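Remarks on the structure that follows.
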Amino acid sequence: MTTPAPIDVPDGFAASYGAHGPAARAWLAGLPRLAGEFLDRWSLRLDGRPAYGMASLVLPVLRSDGTPAVLKLQQPREETAGIAAGLRAWNGDGTVRLLDHDDGTATQLLERLDTTRPLSSVADDSEAIQILADLLARLTAVPAPAGLRRLSDIAAAMLDQVPKAVPALRDPAEQRLVRRCASAVAELIGEPGDRLLHWDLHYDNVLAGTREPWLAIDPEPLAGDPGFELLPALDNRWDEVRATGDVTRAVLRRFDLLTEVLGLDRDRAAGWTLGRVLQNALWDVEDGKVTLEPVQVAITTALLPPR
C-alpha cells in the first residue's frame, strides 16, 4: 500500500500542546510522519478533518472494509500507559471499543462515536447524571488488570507532598481544608480498592454511540476504590449547581445518587472524593497557585462533617 500523504497538524493543537515544552514540540514535529505510518500500517483512509483535545490528535478514518473509526495519536507518558489494558478489560462494555493499539507510540485505533453529541448536550441534568452514574457502576464492576497504576501508591505520594504544599496556600482556612482532606486519605489508604477506574469520567468524556446510546472515552485507567471516581461528576455544569441557590444541597443530591447507583459506602466514598480534591489542590500548588478553586472548596465543605 502506498504511504498516504502526511496530515497537517492543526495550528490550535500545535500552539496549545507545544506550550508544554521541548519534548512536546519534538513530538508535534514528528506527528505527520507518525500519522502516515499508522495510516499505512493499519490500511486506513482519512475520512474528514482532524480534531484534537488537550493532549491528543484524532483523525477520522475508514478501515479497509469501509468501517468508520478514529486514529488517536498522543505522546506516550505515564497517563497513557494503561489505556490499552483498561479498554481491553472493559471490552467495549460501556466504553469506546479499542480496535488496535501500538504500545511504543501509544497510538490507538478506536471505534468512531458521535463527537457532536457529548453527554453534556443532554439538557436535563438529572438525566445526564443518572446516565453517568449507570456507566460508572458498569465500569467499576470490572476488576483492574495487573500492571496498572494503583491508588495506594498515588495516595501515599499525595500524603508525602502535603507538608510542603499546604504552607503555599495563602488562606489559613484553605490550609485547614487541605489537611482535613489529607486526614481522610490517611484513614483509607490501607484499603485502596482493586476496581478498574476511568479516573476522568465527566459529561464531555461520554459520547453517543450506535452500539449503545452512550459510551465512555479517554480513560486514564487506575486500580482503586470507586469513590475516587466521583469528583468529575460532582463538578460538571457548576453554573447550574450555583443557580440552584443551595450549592451544598445540589452537591449532595449528585453525591447521593452516585453512591446509591454504584452501591458505595457513603462515608468511604466521601473520604476518597476528598482525596481527589487533595490531588487537585496539590496539582494547583505545583502550578504556582496560592488559592484553591472555589468549586473544590464548595464540594469539600459539602462533604466534610461539621466540626
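If you take the residues in region 88-128 that are among the charged types (D, E, K, R) and either more than 17 Å from GLU220 (Cα to Cα) or in contact with a Cys (Cβ under 9 Å, 6 or more places away or on another chain) (or both), which one is surrounded by the fewest Cβ atoms within 10 Å (Cβ to Cβ)?
Among them, the one singled out is ASP124.
Does LEU28 fit the bill of being on the phi < 0 side of the Ramachandran plot, surrounded by 18 or more Cβ atoms within 10 Å (Cβ to Cβ) and over 27 Å from the mean Cα position of the chain (by Cα)?
no
Among (1) surrounded by fewer than 16 Cβ atoms within 10 Å (Cβ to Cβ); (2) at pLDDT below 95, there is one condition ALA55 misses while meeting the rest; what is its number?
Condition not satisfied by ALA55: (1).
When the residues of region 6-17 are narrowed to those that are of a type outside the set (S, T, N, Q) and under 21 Å from the mean Cα position of the chain (by Cα), which ends up farthest from ARG45 (Cα to Cα)?
Selected residue: TYR17.
How many residues does region 9-54 contain that are in contact with a Ser or Thr (Cβ under 6 Å, 6 or more places away or on another chain) and assigned to a helix (DSSP H, G or I)?
Looking only at that region, the number is 3.
If you scan region 178-199, which residues turn out to be in contact with a strand residue (DSSP E or B) (Cβ under 8 Å, 6 or more places away or on another chain) and of a type in the set (Gly, Ala, Ser)?
Narrowing region 178-199 to residues in contact with a strand residue (DSSP E or B) (Cβ under 8 Å, 6 or more places away or on another chain): 192-199.
Selection gives GLY193 alone.
The values are calculated or read from the model by the stated rules, or taken from the named source; none is laboratory data. Computed from a predicted structure; not experimentally measured. So basically every Cβ, Gly included, is an ideal-geometry build from the backbone, and we count neighbours across all protein chains shown.
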